[in-house]
Structures are given as structure tokens and as C-alpha cells.
Amino acid sequence: MNARALLFCLLFPFAAIAQGFAGLGSAADGFAVPAPAPVFDFPTDHALHPDFRIEWWYLTANITGPDGTDYGLQWTLFRSALAPEAANGWQSPQLWMGHAALTTPDQHFVTERLARGGIGQAGVSADPFAAWIDDWTLAGPGFDQLRMTASGPDFAYDVALTAEGPLVFHGADGYSVKSGDGQASYYYSQPRYALSGVITLPDGTVPVTGSAWLDREWSSQPLSDNQTGWDWFSLSFESGDKLMGFLLRQSDGTSFSSATWIGHDGTVAAYSDGAFAARPVEQSQVAGGDIPTTWQVTLPDRGVDVTVSAINRNAWMNVTIPYWEGPVRITGSHDGRGYLEMTGYE
């Protein structure tokens, strides 16, 4: 076992349990669990929920440089808890992991941070909103106005985000079912940030503009123990409509799906298992394995039948628990751009 793997097993022991991808199907063990008909309290719910075991603040962005080159950004803060109780300092059971990535058509830069809770190294506050791990920040006077910064050995970004629409609640008013067994999470998004700022690459800085999508989700057992990974799509169409959809792959070869249609007119519609479909149509050799980097995605109720293609097929997140994450182009019944995340393929 290498040093990084040993550190992760010490900090995130549930990840080593073979129950669902990364242990996310292991039992809740005294933590709170999501219940139907949630009542959200903002801005408080933008911050952490320590009585739940797992939580994340997950932002992806499709951006463009002055010459028309497409890029992708990712900023993610994960929180997990060793126990369902509060404590201060080094006794805090809260553990943190951050991922930052910058994707170009030819390169994919990624870096990771790990932290213990209770000592100020990482955390989230609600009002004003601030999420941080070391010197990476996602912060502003409120959730609608944010500045996002991160850096790695050979990349950096510093961008401003302005929300241009309301929050969107997935599933049944934010109660998002993840399996036929009833596992669920609380899940909402801000899918309409306008973005501007600069990215730094090995050959210099590039001014960029674009759009970003921020997911908020928390639970204590979000997967069933037979679910081995997921394929998650956030698609932004040129019409102004948006689609979030995911497949949770199961060990018997079937999958569980869910989707949310976000209309340009502000309408939101949730779709339960079976309405949304995604089928791999082309695989690529990535990190020694076969990864589906072109998909056919359909949502017949909305006339969606599109091809989703990776801008950079090698957008492999070589972090403690590896996965694929990168920007995509959309063609077919609807054109546009988006993001794709795939786990459980190592």
C-alpha cells in the first residue's frame, strides 16, 4: 500500500468497504438519513450538515477563451464524518477532500487536497457563504455572487460567478431517490451561473467566459450496496433548456435512472426511473481501462435524442478514488455543452 492509499484509509475508512462505489452503499450507522418532503432553510442549508455522513459542494463550468477554444473547470469539496457527533479541534469527526481540475482539448490538469475538520483547514459557512480547503475558495456575500479559486502544480483559475436563475430541486422537491431499495439524498443545484475570469496554463493566462453549474447534495447512505458506480450528465442546450440525468449501475447489469428537466421558462420537471436513458456508443482507452467517452442520451418526453461527446477523452481524475470528469459537446435534437462524470470504471 502506498503512502497516499494508507492516508486515505486512515482518513476515509468507509471508502474501503466494498458496499457500493467508494463505500457509499454502507449502512448509515447512527447518522441521520434523508426523508421525503424536505423543508430547506436558506442560507443555512448552503453550509454543512454534520449529522449526515456524506456531503459535497460540486461545481463544473464550460468556458471559452478569446480564440474560441473550449475549456472545462471543476471545483469540488467533499465532507465525510467518522461518527455522528460533534467535537472540536483534532477530535472533530469531520474529514474533507477537495478536487480541482482544468480541462483543455489536449490536456487535463487535476490536483487533490485532504484535510481534517475542526482546525480551520477546511470548512463551509452559510452567511456570508464560504467553502474552502487550504487556499482554495468558493466564497461571496451570498450564494448568488461567488468567487472561485484553486491552483495545482501547473494550472490555476480565478473566476467570478453570478447566478441568473433560481435554485433547482431534484427528485421530489429535493428528495432524490437513488435506488429501487429507497436510498436517497437531499439534492439541489444552481445550474445557471454566468462566469468570467482567468485561467492559468503552463504557457500563460487566458481570459475566459462561460457558464457554471453547482450541485449540493448530502446523505448518509446514498447508494444501495449493489450499485457499482454512476454516469452523471449536466447538459445545457442552446435553447436555454437544461437537463440533469444520471444512471446508477448495478452489479446485475441493470441500472437505476433519474432526471430533471429545467426549462428556459423556469419550469422544472422530475423524471423517475426509466424515463431517462444513456447508452455508450464509443469507448476510449483511458488510464488502462475502457471508458465510454461518447454517449447517446434520450429523454423522449422532452424530445431529447442527443450525442454527448467528450472534449478531451483523457479527462481522468487521478486522485485517491479515481474517476472520469470532463466537459462535453452535445449534438442532435438539441445542441449545446455540458459536463459528464463517470465513476466505478477503474
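None of the figures in this text is laboratory data; all of them are computed from the coordinates on show. Keep in mind it's a predicted model, so treat the numbers as computed, not measured. Backbone-built Cβ (ideal geometry, glycine too); neighbour counts: all protein chains shown.
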Extension gain, Leu82 back to Gln283 (0.36 nm per residue minus Cα-Cα distance, nm) = 68.6 nm
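I need the shape label for the range 158-302. Rule: rounded when a/c is under 1.5, else prolate if a/b > b/c, else oblate, with a, b, c from the alpha carbon gyration tensor.
Numbers: a/c = 1.74, a/b = 1.26, b/c = 1.38.
Note, shape of the range 158-302 comes out oblate.
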Treating only Lys and Arg (+1) and Asp and Glu (-1) as charged, each at its beta carbon, one finds that the chain has a dipole about its Cα centre, in Debye to the nearest 20, of 320 debye
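With an 8 Å cut-off on Cα pairs and a minimum separation of 6 or more residues, tell me the relative contact order of the range 209-346 in percent. Working shown, then result.
Numbers: 299 pairs, mean separation 28.3, N = 138.
Dividing the mean separation by the residue count of the range 209-346 yields 20 percent.
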Find the relative contact order for the chain and round it to a whole percent, using C-alpha pairs within less than 8 Å whose residues are 6+ positions apart.
-> 15 percent
Selected from Pro128, Ser151, Ala277, residue furthest toward positive end of dipole (the range 3-342; charges at beta carbon) = Ser151
Relative to the present Cα-Cα distance, how much length would full extension add between Asp203 and Phe42 at 0.36 nm per residue of separation?
-> 53.8 nm
So Ile119 and Gln107, fully extended at 0.36 nm per residue minus their Cα-Cα distance, gain in nm 0.8 nm
The range 293-346 and the range 149-218 have their Cα centres apart by a whole-number Å value of 15 Å
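For the range 224-276, with only Lys/Arg (+1) and Asp/Glu (-1) charged at the beta-carbon, what is the dipole magnitude about the Cα centre, in debye rounded to 20?
Computed about the Cα centre, the dipole is about 40 debye.
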Hey, with R₀ at 41 Å, roughly what FRET efficiency would Ala172 and Ser239 work out to, going by the Cβ-Cβ distance, to 0.05?
-> 0.95
